[in-house]
Amino acid sequence: MRLFPAPEADLTNGRGLPARFAAICRVSARGERMAEGNQLFEAIVNGNAKQAHAAVETALAGGAAPMALIQQFMVPAMEEVGRLFEAEEYFVPELLLSGRAMKSAMELLKPLLSASGQKMKIRVIVGTVKGDLHDIGKNIVASMLEGGGFEVIDLGTDVSPESFVAAVKERSPQVVCMSALLTVTMPAMKLTIDALKSAGVRTQVKVLVGGAPVTQQYANEIGADGYSENANGAVGLVKNLFAGEAA
Amino acid sequence: MPVGADLVLNEEPDPEAARNHGATLGRVIEKTARRWNTPLAIPLMDLRLEKNDLLARIGINRAEAEKFQFNAPIDKSRLGILCEKRVAFACPGSVARDQALDYIATLPDLVPVGMAIGPFSLATRLMADPITAAAMAGRGIAATDSDDVELLFQCLRIAEAAVHRSLRSQMAHGARAIMICEPAANIAFLSPRQIHSGSDVFDRLVMQPNLRVKSVLAEAGCDLIFHDCGELIDLMVEEFAQRLHPVILSLGSSRWLWQDARLIPKDVVLYGNLPTKSFYSDGAMPVEEVMRRTEELLAKMKECGHPHILGSECDVLYVPEARDAILKKVDAMMAVAAPEELLVKAEG
């Protein structure tokens, strides 16, 4: 594997879509060829927000179903982005550009999903723990989870255990993701898990933790359900936890 | 030597008061240097100070400053205020830092060392999503075509002005070397993919501002100590070592210093880089592993023949629940480095 195989090249143009996505892209919800899906996929993989937005507009005008666009093109595109990240062809900036493109497309689709009563099956709450103002890692996780087809509620930074508990009670998520960048703020993860237990809601949610100083061992010690060292791993973790209940 | 002033500060009866009291802070820094037998009086690595002072200029108080981020391009009048050269610190920590330098400067056996966040790292703290903006700039999107890119370059400009004010003040108070900390100049913020494809994003956002920092220091005869504990590619290390050419280059534990030595001129001393961020955990980093890594690092650095100061990968932060675990490992690291000296002390 070359670390930087085709710097800044369009990963799909010229080489075509990966085979498994090329097949998807030929068929729309109505069985018609759907070039817009191809463009949407490419726009997200290449992190082009304007192109993603335009592709969704065109696809919707052509009668595409919002959920089909998400499941058949957007989620696979973010999976491809995750694969490129794992292969060290993409880095955090590329993840964020793709996340931005995904978000731009979702802005058009969310109102339509709400109007039709459709929603994502898995809801995830993310937040940086109390005392910690670092939000970049948390934002990347939120972006990748959204790209993975999950509904994400971002509580922001410096989130107290009480706020996590309140959000679990009010929003009924299946997953709580906590982030901490500093050794001095990590203990707030345990305090939050304790607060979830005291409030009687710990068993309702899976708790995942991450951040620079956090380790699998620490996650085990504080009673978290999972740990990931990067955002892509967090997506995989949530998918594995809810295998069979696709987003 | 570890960058350990925070550990010593927290031995004070009231650490927060000591942080903001020049004379007490000066004694803490002196005590830190003497405890670990170094002439370098390295202060607290408090990278909030320049941001606090910068935002105070537009009426944002210290309590709000930590969370404050610009979310749209800054208007001209505010930019003017934020870029003013006049030094006027509102943050008690900055005043205390300078007074502590005054105190250290009176001690003939210690070198007064200053500390400041680097321009790029400060800029990243002034906006919500600096990574995407930097990535867009790296794709050649101009400030005139994107509010995000425009804001990034504005933040960089005001950050650079704030850092220059901090440097001038610290030098006026006796700093003979200043540690510039650029932890955000790493592969999470700046894409290696873009850099290797020929983008000048790293040069524009990191190198050019820091070369100007170097000039400010050099004009006053003050040495540059450059610290970046982020994850780096070789090109970044080369640029720091060869173009910035600091007297000391401090890197994080993701780097193998003995391999980096080939990228670094012999007159740049390497500092570091034990994984002190993991010292809090006996499970993740047992004391035996600290000793093994210290022995390995010392042996390999001796073998490659590059000047090296054994130390921490960053500042060693005080963690109340893990104080003993951290101190035990810092002591173990230092004991491996100077067993004979410690033995003499113990016998004495």
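For B:GLY272, neighbours were defined as the other residues whose beta-carbon sits under 13 Å from its Cβ, and their charges (Lys and Arg +1, Asp and Glu -1) total 0.
Counting only Cβ charges, +1 for Lys and Arg and -1 for Asp and Glu, the dipole size of region B:224-348 around its Cα centre is about 140 debye. Axis of helix B:147-172 versus longest Cα principal axis of chain B: the two differ by about 50°, to the nearest ten degrees. With a cut-off of 8 Å between alpha carbons and a minimum separation of six or more residues, what is the relative contact order of region B:243-348 in percent? Dividing the mean separation by the residue count of region B:243-348 yields 32 percent. Distance between the modelled labels on A:GLU221 and A:ALA87, one decimal in nanometres: 3.8 nm (7 Å Cα→Cβ projection).
Counting only other chain Cβ atoms within 10 Å of each residue's Cβ, the peptide B:123-133 averages 3.
Mark the label point 7 Å from the Cα of A:VAL201 along Cα→Cβ and return the residues of region A:132-163 whose backbone N is within less than 16 Å of it. Answer for this model: A:152-156, A:159-163. Taking every residue in A:86-97 and counting other chain Cβ atoms within 10 Å of its Cβ, the average works out to 6.
Evaluated over the Cα positions of chain B, the convex hull gives a direction-averaged projected area, one quarter of its surface, of 17.9 nm².
Amide H to amide H, with H built 1.01 Å from N, B:ALA41 comes under 5 Å of B:VAL111, B:VAL113, counting only residues 5 or more places away or on other chains.
For chain B, relative contact order (Cα pairs under 8 Å, six or more residues apart, normalised by length) works out to 17 percent. Note: relative contact order over region B:220-281, using C-alpha pairs below 8 Å and six or more positions apart, is 35 percent. Across the protein assembly as shown, the convex hull enclosing all Cα atoms gives 165 Å³ per residue. For A:TYR227, the residues 5 or more places off, or on other chains, whose built amide H falls under 5 Å of its own are A:VAL209. Taking region A:177-210 and a reference point 7 angstrom along Cα→Cβ of A:LYS169, the backbone N atoms nearer than 14 Å belong to A:195-202. Once the chain from B:ARG35 to B:ALA63 is taken as fully extended at 0.36 nm per residue, the excess over their C-alpha distance is 6.8 nm. Pairs from the list B:LYS266/B:LYS300; B:LYS31/B:LYS266; B:LYS67/B:LYS277; A:LYS138/A:LYS206; A:LYS110/A:LYS138 with a Cα-Cα gap above 20 Å: B:LYS31/B:LYS266; B:LYS67/B:LYS277; A:LYS110/A:LYS138. Taking the longest Cα principal axis of chain B as reference, the axis of helix B:208-219 is set at about 60 degrees. In terms of packing, defined here as the mean over residues of other Cβ atoms within 10 angstrom, the peptides B:38-48, A:116-126 line up highest first as B:38-48, A:116-126. Once the other residues with Cβ under 13 Å from the Cβ of A:LEU133 are scored (Lys, Arg +1; Asp, Glu -1), what is the net sum? Taking every Cβ under 13 Å from that of A:LEU133, the sum is +1. Here the simple spin-label model places points 7 Å from the Cα toward Cβ, and for B:GLU11 and A:GLN71 these points are separated by 6.3 nm. Taken about its Cα centre, region B:5-251 carries a charge dipole of roughly 500 debye when the Cβ of each Lys and Arg holds +1 and the Cβ of each Asp and Glu holds -1. Residue by residue along B:68-79, Cβ atoms of other protein chains within 10 Å of the local Cβ number 0 on average. For region B:173-263, the Cβ-based charge dipole about the Cα centre amounts to some 80 debye (Lys, Arg positive; Asp, Glu negative; other atoms uncharged). Annotation for B:ASP147 and B:ALA218: the two label points, set 7 Å from Cα along the Cα-Cβ direction, are 4.0 nm apart. Leaving out same-chain residues fewer than 8 places away, which lysines sit with a Cα under 19 Å from that of B:LYS85? Those lysines meeting the cut-off are B:LYS51, B:LYS76, B:LYS214. For B:PHE240, the shell of other residues with beta-carbons less than 13 Å away shows a net charge of -4, using +1 for Lys and Arg and -1 for Asp and Glu.
Length gained on full extension, B:THR106 to B:ASN20, computed as 0.36 nm times the residue gap minus the Cα-Cα distance: 29.0 nm.
Coordinate-derived values only; no laboratory data. All values derive from a computational prediction rather than experimental measurement. Every residue, glycine as well, gets a Cβ built from its backbone with ideal geometry; the counts of neighbours run over all protein chains shown.
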